[in-house]
Amino acid sequence: MESLNRMAVELADEAIDFADELAIEVHELDNGAVVLDFGVEAVGGIEAGLLLAEIQTGGLATVQTGVDEVAGAPLTHVETTTDHPALALLCAQKAGWELSVEGFEGLGSGPARALVAEEEEFQRVGYRDAADFAVLAVESDALPGEAVAEHVAEMTGVPVSSVFLPTFSTASVTGSVALASRAAELAVFRLSELGYDPLDVLSVAGAAPVAPVAEDDEAAMARTNDALAYGGQVHVTVDAAFDRFGEITSTVGEAYGTTFAEVFAEHDWDFYDVPVEVFAPAQVTVDVAGEGVEVVGGTDEALLAESFGLSP
């Protein structure tokens, strides 16, 4: 299969070519690295969010929007499908790179992680990318500079002029769209964490509502996680039975029924201090190929309405 980063850089080039139409901005740094502002200072939007999600999955997922209801209110929903869940979702889309470089703080996702391949997911999948380009999507309220690009280049082993950093704020339309695309990834991640072989996950489709843009990144981080944990729905097709499918969803966690604003506040807004089991979709249908179907979890529209500030 083609390198994840090579496929992602083709999508990054597409974003550069259509920057005006996507309402994004392109910045070439003095060291040659390229920062694509998908929604920090730039406006961004729904189409930018869809393309960003494709970049994050290394071009191995189809991402599209539709309109569905939450508590009677029509809202945009994002649907992500892939027949390569281990690579697209665990080895690319997952936000697993914590960036802390000379005062810059951000969370990295995308295929550049596969050039480093130090996270447990890469050992489980048995994949490490090899490419001359590195594409790392950065979630931050500030645009990365040369020091961040040089750090990414050093970690991934590519020239700094071959580093692409599409960056977005959580509190943006782009951010709400891109984060809603993660329902499928969370289901596969939970399965992997529970001990299921991610290579036995054959295909997955997930959908979640796009959270209304919040006033700041903390509030947006809470809302976008609520969208997944209380509104995310996933259909996963797997190759083998497993006795822990019932633990895939957010409904099994002790914090279930509590908004993420409260969960994060209890942990001083330290993303990495929050119990991992809360990061899961609300409801999952597991289709064991040739054997049967199991449905676990359920959505909570009342909590979503509270989180999103929907009028009664």
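Would you be able to tell me the number of residues in the range 281-300 that are within 24 Å of residue 218 (Cβ to Cβ) and either surrounded by fewer than 17 Cβ atoms within 10 Å (Cβ to Cβ) or free of Cβ contacts under 8 Å to residues at least 60 places away in the same chain (or both)?
1
Report yes if residue 131 is touching a helix residue (DSSP H, G or I) at 6+ places or on another chain (Cβ under 6 Å), surrounded by 20 or more Cβ atoms within 10 Å (Cβ to Cβ) and closer than 26 Å to residue 234 by Cβ, otherwise no.
On the way: touching a helix residue (DSSP H, G or I) at 6+ places or on another chain (Cβ under 6 Å): yes; surrounded by 20 or more Cβ atoms within 10 Å (Cβ to Cβ): yes; closer than 26 Å to residue 234 by Cβ: no.
In short, no.
Would you point out which residue out of 193, 185 is surrounded by fewer than 22 Cβ atoms within 10 Å (Cβ to Cβ) and either in contact with an Asp or Glu (Cβ under 7 Å, 6 or more places away or on another chain) or not small (Gly, Ala, Ser) (or both)?
On the way: 185 fails: surrounded by fewer than 22 Cβ atoms within 10 Å (Cβ to Cβ).
Result of the check over 193, 185: 193.
Residue under question is residue 117, and the condition is that it be more than 12 Å from the chain's Cα centre (by Cα) and either touching a residue at least 60 places away in the same chain (Cβ under 8 Å) or more than 29 Å from residue 238 (Cβ to Cβ) (or both); does it hold?
Judged against the criteria, residue 117 is not a match.
How about the range 224-250: which of its residues are within 13 Å of residue 181 (Cβ to Cβ) and in a loop (DSSP other than H, G, I, E, B)?
Hit for the range 224-250 is 232, nothing else.
Filtering the range 251-268 down to residues that are among the hydrophobic types (A, V, I, L, M, F, W, C) and in a helix (DSSP H, G or I), which residue is surrounded by the most Cβ atoms within 10 Å (Cβ to Cβ)?
Taking the range 251-268 first, the residues among the hydrophobic types (A, V, I, L, M, F, W, C) are 252, 255, 260-261, 263-265.
Subset that is in a helix (DSSP H, G or I): 252, 260-261, 263-265.
Details: 252: 16, 260: 24, 261: 19, 263: 20, 264: 20, 265: 12.
Among those that are among the hydrophobic types (A, V, I, L, M, F, W, C) and in a helix (DSSP H, G or I), it is 260.
Laboratory data are not the source of any read-out in this text; all were calculated from the coordinates shown. Values in this document were obtained by computation on a predicted structure and should not be read as measured data. Every residue, glycine as well, gets a Cβ built from its backbone with ideal geometry; the counts of neighbours run over all protein chains shown.
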